[in-house]
Amino acid sequence: MGCCGGRAKRPAKGQAPAFVGLPGANGVVKLEYLGKEVLNQPEVKTGTRYGFGPDKLKGYVDKDDAATLLELSENGEKLFRLLGSVRTPKPPPEISSVVKGIGAEMVRKRAQEA
């Protein structure tokens, strides 16, 4: 159940609950920051703060945020370049299949003990 009596958001079929709504859940891209100073990052779609700067030049960002960051420039120079294509996280196996596997293993062990 969600906050204040609201309904909880259900994950898509086959998608683990931990991935729903998290930045990167639908894929990430690797970017390189080309600026010289700590980035004063604009608002991005997911609301994530990435912390790019001289101490963090490369990193993965949500694919929905990448377009905003790739458009940034300073004095006519782009601040980011794309290093890698979209990578989508592989969801863990459905809980029901994991539970079935554990249940079958317990039955086998009990049969061997008997």
- Message: Six or more apart or on different chains, Cβ atoms under 8 Å: show the pairs whose first residue is in the stretch 62-90 and among the hydroxyl-bearing types (Ser, Thr, Tyr) and whose second is surrounded by 11 or more Cβ atoms within 10 Å (Cβ to Cβ) and in a loop (DSSP other than H, G, I, E, B).
- Response: THR68/VAL44; THR68/LYS45; SER73/LEU79; THR88/ASN26; THR88/GLY27
- Can you find even one residue in the stretch 63-79 that is outside any loop (DSSP other than H, G, I, E, B), modelled with pLDDT of 75 or more and hydroxyl-bearing (Ser, Thr, Tyr)? yes
- Item | Selection from the stretch 40-57 of residues that are surrounded by 13 or more Cβ atoms within 10 Å (Cβ to Cβ) and among the charged types (D, E, K, R) | LYS45
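The values are calculated or read from the model by the stated rules, or taken from the named source; none is laboratory data. Everything numeric here is computed off the predicted structure, so don't read it as measured data. Quick reminder, even Gly has a Cβ in these numbers, built from the backbone with ideal geometry, and neighbours come from all protein chains shown.
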